[in-house]
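The values are calculated or read from the model by the stated rules, or taken from the named source; none is laboratory data. No experiment lies behind these values; they were computed from the predicted model shown. Glycine also receives a Cβ, built like all others from the backbone with ideal geometry; neighbour counts cover every protein chain displayed. For the accessible areas, the whole protein counts, side chains as well, though only heavy atoms, and no ligand, DNA or RNA atoms are used. Shrake-Rupley method; radii C 1.70, N 1.55, O 1.52, S 1.80 Å.
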Amino acid sequence: GPDDSYFVWKKNGQKMKACITEQSHMLFDGRVHVLSWVKDSVSENTEYKCSFISKVGNTTSEVRITVQDKDSAGQDGWTKEFDTWRSAISEHDKMMQNWRKTW
């Protein structure tokens, strides 16, 4: 990412200021690897948008979280999927910390 890059997170169209984590790691060739994510809980259907903005260009990704009833049969599947995502983020964080030590 360019030096002037930054993230803008929106939840249901409103700019978020809390629950946001960002990491940046300098790569050996002078480029920067940047990552941002949100830890949040929702009780109703929610849309998230993450925009990455810089002088070079902008990009936005979005996701819509659909909340089901707690008694829904899909709850066990969601719990397993959530655990998988949590594990992937944890592994990524460990990898980035190892990169930081190496460089």
With a 1.4 Å probe and every protein chain left in place, work out the accessible area per residue of the range 1-67 in Å², rounded to a whole number. 71
Rank Gly30, Gly13, Gly57 by mean-square fluctuation in a GNM of the chain with C-alpha springs under 10 angstrom and give only the top-ranked residue. Gly30
C-alpha long axis of helix 75-102 to longest principal axis of the chain, angle in °: 10
Apply 1/(1 + (r/R0)^6) to the Cβ-Cβ distance of Thr46 and His92, taking R0 = 30 Å, and write down the FRET efficiency to the nearest 0.05. 0.85
Per the 1.4 Å probe, what fraction of the accessible area of the chain, in percent, lies on carbon and sulfur atoms? 51
On a 24 Å Cα-Cα criterion, which of the cross-link pairs Lys10/Lys101; Lys10/Lys80; Lys15/Lys55; Lys55/Lys101; Lys49/Lys101; Lys11/Lys94 come out too long? Lys10/Lys101; Lys10/Lys80; Lys55/Lys101; Lys49/Lys101; Lys11/Lys94
One checks the Cα atoms of the range 1-67 and finds Rg and Dmax, in Å, of 13.6, 44
How high is the relative contact order of the chain, in percent, with contacts defined as C-alpha pairs under 8 Å that are six or more residues apart? 26
Report the extension gain between His33 and Thr59 in nm, rounded to one decimal, defined as 0.36 nm multiplied by the number of residues separating them, less their alpha carbon distance. 7.8 nm
